[in-house]
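Q: Here's a structure for you.
A short reminder: the numbers here are calculations on the coordinates, not readings from a lab. Owing to the predicted nature of the structure, the values given are computational and were not obtained by experimental measurement. All Cβ positions, glycine included, derive from the backbone under ideal geometry; neighbour counts span all protein chains shown.
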Amino acid sequence: MREPEIITPPPSARQSSTLLPMALLAIILIALVTVPFWASGYTQRSILEFFYFVALAQAWNLMAGYAGMMSIGQQAFVGIGAYGLVVMAEDLGINPFLTVPLAACLAVLVALPASWLLFRLKGAYFAVATWVIAETIRLVVNANIDWLGGGRGRTVRSLGQFDRHLREDLGYWVGLAIAFVAVFGVFFLLRSKIGLALQAIRDTENGARSVGVKTTRTKRIVYLFAAAIAGATGALIYIVQINVRPDAAFSINWAAYVIFIVVIGGIGTIEGPILGTLVFFFLRDMLADLEAWSMLIFGLIAIVMMLFAPKGLWGLLKAHRPVQMFRTARHLPDRFHPKQETK
C-alpha cells in the first residue's frame, strides 16, 4: 500500500506568495499615513473611526477567537481610558496625546487584579462576570463623584490649546498607530510561542495543560493586551469627542458592535475583523434612519451568519478563492520533510 505523498511548495513559491501581501500592505500603509495631506475632513474622520473599531475588534477577536475568552465587558477599559485621559490631561496637566499610552497602562493596572477573579470562571460565567465588572465601574463613576463629574461627565478643555486641524491630524496618526499595534501585535503574538499555546488552549484547555502549556499565564497576557488596546482606544475616542460621559464611555454598544464586527468578518482570523469593520460601516450608514431598530437588524444578521456561515465573510471568501494576508501558519524547513521515493 503506497504511503500518501507530502507535497511541499518550493521555496521560490513560498517567497513569492509572501512578498505580494507584504507589498500590498506597505502600499496601503503609505496611503493611510498620507491621508491628512490629501483627503477631506469627513474622509479623515471616517478613517479614524475605522481605526478604533478595527483595534477594538482585533483585541476582542484575540481573546474570543484564539483564547476562547468570550468577554462582553471590554467597554470597561474603553471607559477607563476615557477617564484616564480626563484626569491626566485636566488634573495632572499632561499633554492629551501623551495620555494615550498612559491610558493603556492604566487599563492594564485595572485588568490585572480583575483577571485573578475572572480566570476562576469559565464559559458563560466568565462572559457575565466581565459585563458585571464593566457595569460596576460605570455605576461607581456615574454616582455622586464630583471629581469625575458624575453623570454629567467632564470636558477635556486642554485640547483647546491645539488648532482644530492640528488636533484632527495628530488624532488621526495616533489612531493609525493604535490600529497598527493592534493588528500587528496580534499577528506577532500568533507567530510566537504564545500563539501556539493559544491554539492548544482553544482546541482543549485541559489537553494543553497536560502537555505543559501555562494556560492561565497565556490567557492573562492576551487579556492584558486586549485591555491595553481598549484603554488606548478609549482615550483616543474622547480626544476626538472632547466631552466624556459615563453612559457613553462605558456603553454596552462598544462590546455589541465589536462582537458583530468579528462574527460578520470571521472569528479566529486577523483579516476577518478588518473586513467586518468595513461591512459594519456600510450597514450602519444604510440603517442610520432606523435608530433603535438598527440594533435588532444587526443582531438578526449576526444570527444568520452564525447559522449559515460560521467562519464569517472572510471564511466564505477563502473557500472560493484561497487568499491570506497575514500568514500565521508555519512552514517546516525542507530538511524536516521526508524525502519522496522516486519510482
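Q: Helix 164-191 versus the longest principal axis of the chain: what angle, 0 to 90°, nearest 10, using Cα atoms?
A: That works out to roughly 30 degrees.
Q: In whole angstrom, how far apart do the alpha carbon centroids of the range 136-210 and the range 218-232 sit?
A: When both Cα centres are located, 8 Å separates them.
Q: Here is a further query. Which entries in the list Lys122/Lys214; Lys214/Lys311; Lys219/Lys318; Lys214/Lys318 go over 23 Å, if you measure between the two C-alpha atoms of each?
A: Over 23 Å Cα-Cα: Lys214/Lys311; Lys219/Lys318; Lys214/Lys318.
Q: Nearest 10 degrees, 0 to 90: what angle lies between the long axis of helix 11-33 and the longest principal axis of the chain (Cα atoms)?
A: Compared with the principal axis, the helix lies near 10 degrees.
Q: Below 8 Å between Cα atoms, with a sequence gap of 6+, how large is the relative contact order for the chain in percent?
A: Once divided by the residue count of the chain, the mean separation gives 29 percent.
Q: A further question on this structure: Sorted by average packing, counted as other Cβ atoms within 10 angstrom per residue and highest first, what order do 97-107, 211-221, 35-45 take?
A: Result, highest mean first: 97-107, 211-221, 35-45.
Q: What 222 nm value per residue comes from the helices of the chain, counting each DSSP H run with n ≥ 4 as -39,500 (n - 2.57) and dividing by all residues, nearest 500 deg cm²/dmol?
A: -22000 deg cm²/dmol
Q: Take Leu19 and Ile242, extend 7 Å from each Cα along the Cα→Cβ direction, and tell me the distance between the two endpoints in nm.
A: 5.0
Q: Measuring from label point to label point, each 7 Å out along Cα→Cβ, what is the Ala31 to Arg45 span in nm?
A: Distance between the two pseudo-spin positions: 2.3 nm.
Q: Which length gain, in nm to one decimal place, applies between Tyr125 and Arg327 when the Cα-Cα distance is subtracted from 0.36 nm times their residue separation?
A: So the extension gain works out to 69.4 nm.
Q: Pulled fully out, how much extra length does the chain show between Ala292 and Trp173, if you take 0.36 nm times their separation in residues and subtract their Cα-Cα distance?
A: Contour length minus Cα-Cα distance gives 39.6 nm.
Q: As I understand it, the value is the acute angle between the Cα axis of helix 123-142 and the longest principal axis of the Cα atoms of the chain; what does it come to in degrees, rounded to 10?
A: For helix 123-142, the angle is close to 20 degrees.
Q: For the range 212-289, what is the relative contact order in percent, using Cα pairs closer than 8 Å and at least 6 residues apart in sequence?
A: For the range 212-289, the relative contact order is 15 percent.
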